[in-house]
Amino acid sequence: GKGNHRHFMEKEIFEQPAVLGDTLRSFADPATHRITLPELPFDFQAVSRVAAVACGTASYACLVGKYWLESLAGLPVDWDIASEFRYRASPLVPGQVGLFVSQSGETADTLAAMRHLRGEGCPALAVVNVPESTLAREADATLRTLAGPEIGVASTKAFTTQLATLACLAVGAARARGRLDPEREAALTKALDELPARILQVLEKDQEIRAIAAELMAARDVLYVGRGTSYAIALEGALKLKEISYIHAEAYAAGELKHGPIALIDEHVPVIVVAPRDHLFEKTASNLQEVVARGGKVVLLSDAAGVAELGDYAWKTVTLPEVDPFVAPILYAVPVQLLAYHTAVLKGTDVDQPRNLAKSVTVE
Ligand code: M6R
C-alpha cells in the first residue's frame, strides 16, 4: 500500500534514501566499503566502446552513465534511444559491449535493441530492477537495482537506483582500466556512502519545493537547463513534469540556449536551472544571466555557495546540500521529482496513472 502517502509516487520518492542505501551496499565490500563489481562477461581493459541504450527515464540514467564512464574510466560511450538504435545500421567495433538499462526489463524497444546487438556478437550488460524479467534473463550479465516494486508510472526510485548502479559500474570500470588513484577512489566511495543521508536532507525541502510548485502550476511552458550530468537531470525533470502535470516542458543543454531556445524566454516561461557547483558552474551561471536579462524567471537548484553567488538573479531558489560533483546528478534528481509531483497534485491530475501512459511499454 501507500502507507502514509497520498500517492505511490510520493511514497517512492521518499523511499529513495533506503533503496539507494540498499543498492549501493550491494556493490560495497562490507568491511572496506570498496566498490566491487560481480564477474562480468568481458574485461573492461579490453572494452573499446560502450553502446548505452534505453528508453525514457532509463535513457537519461544512461546519459549520466556516459559522462561517468567517459570521464572516470576513459571509455567512449555512444548514448542511444532504443527505438532509434534498433533500426539504425550502427556499425559495431571489435571490443564493443552493450549496456541496457530498464526498470521493468520488458520494454519492447530496449529488448529488441539488446537482441540486435547480441545477434552481432556483442556481450550485453543489463541494469534491471525486475530480476525475473526478460531483459535480465537474456542479458549476458545483470546488475540489479534494489529499488523494490515501483508502482507509480513516473519513474523515481528506479531512476536514482539506476544512477547509483551506473556510478558503481563507472568506479569498477575505472579501477579495472587503471584510471582510479586511491585518493580519488576514497573520495568517490565516501560521496556514495553519504548519499542516502544527503537525499534525506533534500526530502526535508518538500514543503519549500511545494511552494514553488504552487507558482509553477500556472505556467504553460517550462524549460529545464543544465550542463554535463545536470543536462541529463534537466531532461529527466522536463519529462517528469510533462508526464504527470501535462505542462509543456523541454530541456536543453545550457550552452544550446543561445542557438535557438532563448527566443522562447519571457516572463511567462519559468526556467529551471540545474547547477551544482561543479567545473561547469560558471558556464551555467552565465547562461542563467542571459535568461534573466531577457526577462526569464529562473528557479535555481544549487548548493549554498551557488545560491549565494546567483540567488539575486533567481525568481526562486532551492538550496541543496553540498556534495562531490560525482554524485550530484543523483541528489539533484530528487528536487525535480518533487517539483513535478507537487505541480501535478496541485493541478489535480492522476499522478500515479497519468493519461495515455503505461508503466511498462511492451509494444513498440
Ligand atoms: O521499464 P523501463 O525502465 O524500460 O521503462 C522505460 C520508460 O518507459 C520509462 O522510464 C518512462 O520513461 C517513465 N514512465 C518515465 O517516468
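Close Cβ contacts (under 8 Å, 6 or more residues apart or on different chains) running from residues in segment 257-275 that are assigned to a helix (DSSP H, G or I) to residues that are open to solvent by 10 Å² or more (accessible area, probe 1.4 Å) comprise 257/290; 258/290; 261/250; 261/252; 262/290; 262/294; 264/221. Every test in (1) out of contact with any Phe, Trp or Tyr (no Cβ under 8 Å at 6 or more places or on another chain); (2) in contact (Cβ under 8 Å) with a residue 24 or more places away in the chain is passed by residue 244 save one, and that test is (1).
Keeping to segment 197-233, report how many residues are over 21 Å from residue 163 (Cβ atoms) and in contact with a helix residue (DSSP H, G or I) (Cβ under 8 Å, 6 or more places away or on another chain). The qualifying residues number 9. Applying the condition of being touching a strand residue (DSSP E or B) at 6+ places or on another chain (Cβ under 9 Å) and open to solvent by less than 30 Å² (accessible area, probe 1.4 Å) to segment 58-67 and asking which residue is nearest to the ligand (Cβ to nearest atom) yields 58. Residue count for segment 338-357, restricted to those that are touching a Gly at 6+ places or on another chain (Cβ under 8 Å) and in a helix (DSSP H, G or I): 2.
Count of segment 220-233 residues, restricted to those that are open to solvent by 30 Å² or more (accessible area, probe 1.4 Å) and of a type outside the set (Ser, Thr, Tyr), is 3. Taking the criterion of being among the β-branched types (Val, Ile, Thr), touching a strand residue (DSSP E or B) at 6+ places or on another chain (Cβ under 7 Å) and surrounded by fewer than 24 Cβ atoms within 10 Å (Cβ to Cβ), the only residue of segment 147-191 that qualifies is 189. Meeting the requirement of 1 or more residues that are within 14 Å of the ligand (Cβ to nearest atom), hydroxyl-bearing (Ser, Thr, Tyr) and at positive phi, no strands (runs of 3 or more DSSP E) wholly within segment 84-195 can be named.
Here's the yes/no breakdown for (1) open to solvent by 20 Å² or more (accessible area, probe 1.4 Å); (2) of a type in the set (D, E, K, R):
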| position | (1), (2) |
| --- | --- |
| 197 | yes, no |
| 202 | no, no |
| 210 | yes, yes |
| 235 | yes, no |
| 239 | yes, no |
| 251 | no, no |
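Do the conditions hold for residue 38, that is, is it more than 19 Å from the chain's Cα centre (by Cα) and either away from the ligand (no atom under 15 Å from the Cβ) or under 18 Å from residue 164 (Cα atoms) (or both)? So residue 38 passes the test.
The values are calculated or read from the model by the stated rules, or taken from the named source; none is laboratory data. As the structure is a prediction and not an experimental result, all values here were calculated from the model. For neighbour counting, all protein chains shown are included, and Cβ atoms are generated from backbone atoms with ideal geometry for every residue, glycine included. Surface accessibility is based on the protein's heavy atoms, side chains included, excluding ligands, DNA and RNA. Shrake-Rupley method; radii C 1.70, N 1.55, O 1.52, S 1.80 Å.
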